[in-house]
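**Q** To start, I am sharing the structure in question, which I have written as structure tokens.
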Amino acid sequence: MNTTPFSLSMQAYRSAPQVQRRSWWLGLFLCVGALLLVALGLGVGSSGLEPVWRMTADPVASQIVWEIRAPRTLGAWAAGALLGLAGAVAQGLFRNPLADPFLLGSASGASLGVVLMLAGLGVSPFAAAWAVRLGLTGAAFAGALAAVLLTLTLARGVQHTFRLLLAGVVVGMVLGALTSMMTIAVPETLQAMQGFMLGSTGFVGWQSWSIMAGVGALCVAAAWSLSRALDGLSLGEATAHSLGLPLAPLRAALVAVIALATGAAVAQTGLIAFVGLAAPHLVRAVVRTTHARLLLLASLMGGLLLLAADILARGLLAPQEIPVGVLTAVLGGGYLLWLMHRRQG
């Protein structure tokens, strides 16, 4: 078979409509699946699955649906979409399929911010006042952004991708160790930190959902505008530089998208593992496309994954609830192990 560059380009041109159609079908499937899961999530509570139309007839039950379950369900989808988008951007930026949104130290920074807030204010682990939750949310977001800034400082900017990756690993380890030291020094914070580390959507309200929705719209628009830069970086830094791409500003913008999306999700739901790592992999398993479509599809896939995990966490052992971060870690880790085994075979 003739494999000249011209023939390869003609094959890519002929397969482009097929890839586009498959991308549209996948996006439609993810949207319809999300709508169905949202409807299912409105009926899943501590007593198991209940028909929504029956609950809306009772004023008390209707208030539970629209004030507790609805924002939690939509918030789970929004947090998953943010993590899926951040994971796709991180994997494109670092050209590493194992990159995840927490690679720049944002997760460890958010944990340290929360434990410092708990230790400084002397908050009881059972405190549930809205002012306390707002303070913890702000502390988590500030800690995540501070960790990313520290990573950028240690890496001396965004000139070298490998140095940035190494600095993120070091910052994550150091801040994680400081978080452990703080929980040992102040044992009263241990139970509250355990809930944050395991991840939960139980405290997501309409305000939290609106924050994540606004940040998500901003990050999707910014990432989509930078998708051509990710396509260029996927060919290698030397090739991207030869194409005339300003690598330093583009890396800085991509890091900002990762930090903002990850910080917003972690601040509202805690640490939820594997969603940002698995969502781009699942999309690539169905369709190989450019980053413009990959980013949107990974965001939709992340929302669907976390929403499905949240519904399972509520309904599997009802009335007892499984931490959603534990469920995503088990399912995501199992999927990645299966994927590694299949590729080795």
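**Q** Please give the peptides 21-33, 137-149 ranked by average Cβ packing (other Cβ atoms within 10 Å per residue), highest first, as a rough proxy for protection.
**A** Most protected by this proxy first, the peptides run 137-149, 21-33.
**Q** I want to check the label-to-label distance for Gln191 and Trp66. Put each point 7 Å from Cα in the C-beta direction and report it in nm to one decimal.
**A** Result for the modelled spin labels: 3.5 nm.
**Q** Along Cα→Cβ, 7 Å out, is where each label goes; now give me the distance between the ones at Gln207 and Glu321 in nm to one decimal.
**A** Distance between the two pseudo-spin positions: 1.8 nm.
**Q** On average, how much accessible surface per residue is there in the chain, in Å², for a 1.4 Å probe, leaving out ligands, DNA and RNA? The partial results should precede the final answer.
**A** Working: 17120 Å² over 345 residues.
On a per-residue basis, the chain sits at 50 Å².
**Q** Once you put a point 7 Å from the Cα of Val330 and another 7 Å from the Cα of Ala221, both along the Cβ direction, what distance in nm separates them?
**A** Using points 7 Å along Cα→Cβ, the separation is 4.1 nm.
**Q** Carbon-plus-sulfur fraction of the accessible area of the range 130-280, 1.4 Å probe, in percent?
**A** Details: 5250 of 7140 Å².
Of the solvent-accessible surface of the range 130-280, carbon and sulfur hold 74 percent.
**Q** Let me ask something else. If packing is taken as the mean number of other Cβ atoms within 10 Å per residue, what is the order of 272-284, 250-262, 76-88, 221-233, highest first?
**A** Going from most to least packed, we get 76-88, 272-284, 250-262, 221-233.
**Q** Based on the Kirkwood radius over alpha-carbon pairs, what value in µm²/s does the Stokes-Einstein equation return for the translational diffusion coefficient of the chain at 4 °C and 1.567 mPa s?
**A** This corresponds to a translational diffusion coefficient of 62 µm²/s.
The values are calculated or read from the model by the stated rules, or taken from the named source; none is laboratory data. The structure presented is a predicted model; accordingly, all values stated were derived computationally and were not measured. Please note: Cβ atoms are built from the backbone with ideal geometry, for glycine as well, and neighbour counts cover all protein chains shown. The protein model used for the area step is the full one, side chains on, heavy atoms only, and it has no ligands, DNA or RNA in it. Shrake-Rupley method; radii C 1.70, N 1.55, O 1.52, S 1.80 Å.
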